[in-house]
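Just below is one structure, and these are the notes that go with it.
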């Protein structure tokens, strides 16, 4: 089984428990806080990921960290379980999958908009409102600037791409004209 599939199983279990026993948003914050702690202390991550370190030592370390951070009960139990099973390599994918599941539960989608020049804040907000109205969901919008598109914009929502760039329109015209010959 792939790492992502294993992480998805743990994330789904955590999400289901967080929905019934606690706050799913808090669980996401707790997971992120734990991951941030590991990143901030470079000596922790190698210990938790090293297969030569016995699982009981990892469990003790994780229990101490859980006592210090005080995450929600489901997150604390999951972190100890990951240490017990020596599966901390799953944590980044687990967090990603959990966030995806949480966003779906909250009816939030992410849209990425690429423009040739930076959009003013008011236009960005208006675009976000229009996307929310057309999708019927809350939209988290990220913007990128790519001068190569010349003008217009490219919007990616999930796996769907709406390409209204000038560069693409010119390429379509060029192809159409070359076929006319």
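The values are calculated or read from the model by the stated rules, or taken from the named source; none is laboratory data. Every value quoted in this text rests on a predicted model; they were computed, and no experiment measured them. FYI the Cβ positions are ideal-geometry reconstructions off the backbone, even for glycines, and counts take in every protein chain you see.
Okay, here's what the table says:
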read-out: Pairs where the first residue, in region 112-128, is free of Cβ contacts under 8 Å to residues at least 12 places away in the same chain and the second is loosely packed, with under 11 Cβ neighbours inside 10 Å and assigned to a helix (DSSP H, G or I), C-beta under 7 Å, 6+ apart; value: none
read-out: Residue check for residue 30: within 24 Å of residue 64 (Cβ to Cβ) and loosely packed, with under 13 Cβ neighbours inside 10 Å; value: no
read-out: Matching residues, region 31-69, being under 23 Å from the mean Cα position of the chain (by Cα) and part of a loop (DSSP other than H, G, I, E, B); value: 41, 42
read-out: Region 144-166, subset surrounded by fewer than 16 Cβ atoms within 10 Å (Cβ to Cβ) and touching a helix residue (DSSP H, G or I) at 6+ places or on another chain (Cβ under 8 Å), residue nearest to residue 107 (Cα to Cα); value: 152
read-out: Residues located in region 79-111, provided they are more than 17 Å from residue 4 (Cβ to Cβ) and crowded, with 20+ Cβ neighbours inside 10 Å; value: 79, 83, 111
read-out: Conditions (1) over 15 Å from the mean Cα position of the chain (by Cα); (2) assigned to a helix (DSSP H, G or I); (3) surrounded by 14 or more Cβ atoms within 10 Å (Cβ to Cβ): number failed by residue 5; value: (3)
read-out: Check on residue 80, without any contact (Cβ under 8 Å) to a residue 24 or more places away in the chain and assigned by TED's automatic domain parsing to the domain that holds residue 32; value: yes
read-out: Region 15-27, subset surrounded by 16 or more Cβ atoms within 10 Å (Cβ to Cβ) and within 16 Å of the chain's Cα centre (by Cα), residue farthest from residue 92 (Cα to Cα); value: 24
read-out: Yes/no for residue 119 being outside the structural domain of residue 36 (by TED's automatic domain parsing) and on the phi > 0 side of the Ramachandran plot; value: no
